[in-house]
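Bear in mind these aren't lab numbers, they're just calculated from the coordinates by the rules spelled out. No experiment lies behind these values; they were computed from the predicted model shown. Virtual Cβ from ideal backbone geometry, glycine too; neighbours counted across all protein chains shown.
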Amino acid sequence: MKRRVLLATAAMGLGLATGGAAFAQGMDNVKACFVYVGPIGDGGWTYQHHQGALAVKEAYGDKVEIAWQESVPEGADGERVMTQMALSGCNIIFTTSFGYMDATNAVAGKFPDIKFEHATGYKREHPNVSTYNARFYEGRAVVGHIAGKMTKTNKIGYLASFPIPEVIMGINAYFHHAKLANPDVELVVTWAYTWYDPAKEADAARAMLDQGVDVITAHTDSTAPLAEIAKEGGNAWGFGQASDMAAFMTNDDGSPGPRVASIIDEWAPYYVKRVGALMDGSYEQIDSWAGMPEGEVVIGEMNDAIPADVKAEAQAMIDAITAGDYHPFTGPINRQDGSAWLAEGEVADDGTLLGMTFYIEGITGDIPQ
Amino acid sequence: MIGSIDPVLLVASLMIASTPILLAAIGEMVVEKAGVLNLGVEGMMIVGAICGFIAAVKTGSPLAGFLGGALAGAAMAALFALLTQVFQSNQVATGLALTLFGLGLSSLIGQGYNGIRPPATARLDLGPLSDIPVLGRMLFSHDWMVYASLGLVAAVWAFLRYSRAGLILRAVGESHDAAHALGYRVVRIRVLALMFGGACAGLGGAYLSLVRVPQWTEGMTAGAGWIALAIVVFASWKAGRVLLGAYLFGGVTVLQLNLQAAGVAIPVQYLSMAPYLITILVLVVISADRSRVALNAPAMLGRNFHASR
């Protein structure tokens, strides 16, 4: 027993040093478990994670068993649910919200033989904890370009949730590409301070529409902003967020609906890959941040409200990002105060992006502290 | 920068934003006037939201949707009435359980209704009134439920103040023993008041899922029922003040988002706090005179009645 602890400690040290510890032995049957922060029926964030879970089942059939729990509050409840899952025979546990970060690491310390995968976090305190995220800003860049081209009032909106780097990154990517497409564009940011409150999301969208904003992208989880935009009857546009939200793509009368495109989080490739790695013994601790090239960030079908030439430009940008030829944060880009951030042709490094707490030049207003 | 907010649009959107809480709060006020504390408003609202949504989608008629929402809310209230009025269970615990039950039940029956759009609720055509320059857009261009909710507030006010039935209902809330001694059916009156409250909460929920958000998402009431409960206390059990409280809360919520969108240089945290802060402030001001508050609260609020005691 003692030797095992010693080995585990050594492995942990090794894991921290090399960034990965190999678990050479494969498994015949895997039970994969998922912890969701919202209901599967949210039509956005949690829905997409669940699609990924179903894809794992689809890919491996009888060799895999999946289990999940919805609407698990972040904090002590999360820890209890994860412990329960670990005790009930799960081999790999995916915890799908930033707020589960400490709980995931705490439970992982108690169950060294079980693999833990934490979405959007950065703490990997044990060799059995991996983290994964998606480069959502690549999608924001594409919809930013569309927004810049489509706005008639030259005012575009961003319905923001919380002032964290993830969201600020999205705002900057969206505005930067809108500005490249249309130098006169102005950005209105509204903070809802919630991930999920359909009525409040609708109110926030309404407030921006009343201010003359005519293209809105949301960083919250429900479809309510699109429903609010739909009331403008073809004079304002929005995007699906996290999920395709295809119900808003076409109106009942066949005309193009308010959702002109969407940013889809596609977790399936990652989940299938990780569970597969556990089965064939190639599983290693990683910190994954994949995007369009790996198929984790996908732009949903663009509808006919977008002019054909804009569609082609957006597609060209998607192709360039997917091929790795273009990074959405390529200089010259200045910070909000006018000081230089990226020089001509310089590309932002991941560290700066993950800790982003500043607006780029041209955005008015302050980030709430 | 504040100048860029159009007050006309602001008032128009605050009326829509406030309607669900107004409906739920006016119903709960009648319930509390009868001496029953039903903390299950949130649960009744969300069940009303999904049942109203399903009814509207199945029939294609928003009217049927609102009817379905009201019926579902009343059914939830009937369950509460059965437990508290017949089986004499604790009202606070039963109300909390009703909320949890409603949230679970609604996501169960809502399976398969995500991402569907309900039939649109038509704007009420008020003819020449809608064409008045400023007031027309502000007050006379809404869907009919907004006016129905205002009518309901007026009706509740008149009922409690001028009608004999309203007097009896208040008597039951003030002293159920005295009312019983006079020969009034305390339990029956309370059950009816509860069903009315449930129907109003269900209507409020249906307004959320059919007009304000228009779609079904799980947990979509997001605490509106609790706000409605607070507004009843805030209003010190007066119908006119319920209207004021609901519009004030809805108004500040909408205003803070408008201020943000207009780029006013007030830190966002203060703006998002504002609706709650102002509610607390007004509560403090209203309850500064303790004796008056005590006079306003129905004396039998939350106390169970049984004829044998």
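Any idea what the relative contact order of the stretch B:1-135 is, in percent, if you count C-alpha pairs under 8 Å spaced at least 6 apart?
28
At A:Phe358 and A:Tyr122, where each label point lies 7 Å from the Cα along Cα→Cβ, what is the point-to-point distance in nanometres?
1.6
Hey, with R₀ at 22 Å, roughly what FRET efficiency would B:Gln111 and A:Thr83 work out to, going by the Cβ-Cβ distance, to 0.05?
Rounded to the nearest 0.05, the efficiency is 0.20.
With only Lys, Arg, Asp and Glu charged, each at its Cβ (+1 for the first two, -1 for the last two), find how big the charge dipole of the stretch B:2-296 is about the Cα centre; round to the nearest 20 debye.
Once rounded to the nearest 20, the dipole reads 520 debye.
Could you tell me the center-to-center distance, by alpha carbons, between the stretch A:93-123 and the stretch A:187-253 in angstrom?
Measuring centre to centre over Cα atoms gives 32 Å.
Please compute the Kirkwood hydrodynamic radius over the protein assembly as shown, one decimal place, Å, based on all pairs of different Cα atoms.
27.0
Full-extension gain between A:Gln315 and A:Gln69, please, as 0.36 nm times their residue separation minus the C-alpha to C-alpha distance.
So the chain would gain 84.8 nm between A:Gln315 and A:Gln69.
How high is the relative contact order of chain B, given as a whole-number percent (alpha carbon pairs under 8 Å, six or more residues apart)?
37
Using just the helices of the protein assembly as shown, give the 222 nm mean residue ellipticity in deg cm²/dmol: DSSP H runs with n ≥ 4 each add -39,500 (n - 2.57), and the total is spread over all residues, rounded to 500.
Per the formula, -17000 deg cm²/dmol.
Tally Lys/Arg at +1 and Asp/Glu at -1 over every other residue whose Cβ is under 11 Å from the Cβ of B:Leu103; what's the total?
-2
Extending each Cα 7 Å along its Cβ direction at A:Ser282 and B:Ala158, get the distance between those two points in nm, one decimal.
7.7
Applying the Karplus parametrisation 6.51 cos²θ - 1.76 cosθ + 1.60 with θ = phi - 60° to the phi angles of the stretch B:65-79, what ³J(HN,Hα) value in whole Hz is obtained for each residue in order, glycine and proline being reported as x?
Karplus-based 3J(HN,Hα) across the stretch B:65-79 equals x, 5, 4, x, x, 5, 5, 5, x, 5, 5, 4, 5, 5, 4 Hz.
Extending each Cα 7 Å along its Cβ direction at B:Ala307 and B:Arg123, get the distance between those two points in nm, one decimal.
Label at B:Ala307, label at B:Arg123, 5.5 nm between them.
Of A:Lys231/B:Lys58; A:Lys155/A:Lys179; A:Lys200/A:Lys231, which sit over 18 Å apart, Cα to Cα?
A:Lys231/B:Lys58
Between B:Asp177 and B:Phe87, how high is the FRET efficiency from 1/(1 + (r/R0)^6) when r is the Cβ-Cβ distance and R₀ = 25 Å? Nearest 0.05.
Plugging the Cβ-Cβ distance into 1/(1 + (r/R0)^6) gives 0.80.
Work out from phi, with θ = phi - 60° and the Karplus expression 6.51 cos²θ - 1.76 cosθ + 1.60, the ³J(HN,Hα) of each residue of the stretch A:277-288, listed in order in whole Hz, and give x for Gly and Pro.
Listing the rounded values in order: 5, 5, 6, 8, x, 9, 5, 9, 5, 9, 10, 9 Hz.
Can you grab the distance from the C-alpha centre of the stretch A:30-55 to the C-alpha centre of the stretch B:223-257, Å, no decimals?
36
For peptide A:204-217, how many partner chain Cβ atoms fall within 10 Å of a residue's Cβ, on average?
The shielding value for this peptide is 5.
Between B:Leu244 and B:Ser4, what is 0.36 nm times their sequence separation minus the Cα-Cα distance? Round to one decimal in nm.
Contour length minus the Cα-Cα distance gives 83.8 nm.
Any lysines with Cα under 26 Å of the A:Lys273 Cα? List them, leaving off those in the same chain fewer than 8 positions away.
Within reach: A:Lys31, A:Lys57, A:Lys63, A:Lys110, A:Lys115, A:Lys123.
Just the Cα atoms of the stretch B:80-223: what Rg and Dmax do they give in Å?
In order Rg, Dmax, the Cα atoms of the stretch B:80-223 give 19.8, 57 Å.
Please give every one of the lysines within straight-line cross-link reach of B:Lys238, meaning a C-alpha to C-alpha distance under 16 Å, and leave out same-chain neighbours fewer than 8 residues apart.
In chain and number order, the partners are B:Lys33.
Given the options B:Ala93, B:Leu139, B:Thr59, identify the residue whose Cα lies farthest towards the positive end of the charge dipole of chain B (+1 on Cβ of Lys, Arg; -1 on Cβ of Asp, Glu).
With unit charges placed on the Cβ atoms, the residue in question is B:Ala93.
Along the stretch B:38-51, what does the Karplus equation 6.51 cos²θ - 1.76 cosθ + 1.60 (θ = phi - 60°) give for ³J(HN,Hα), rounded to whole Hz, x for Gly and Pro?
Karplus values, whole Hz, x for Gly and Pro: 10, 7, x, 4, 4, x, 5, 4, 6, 5, x, 4, 6, 5.
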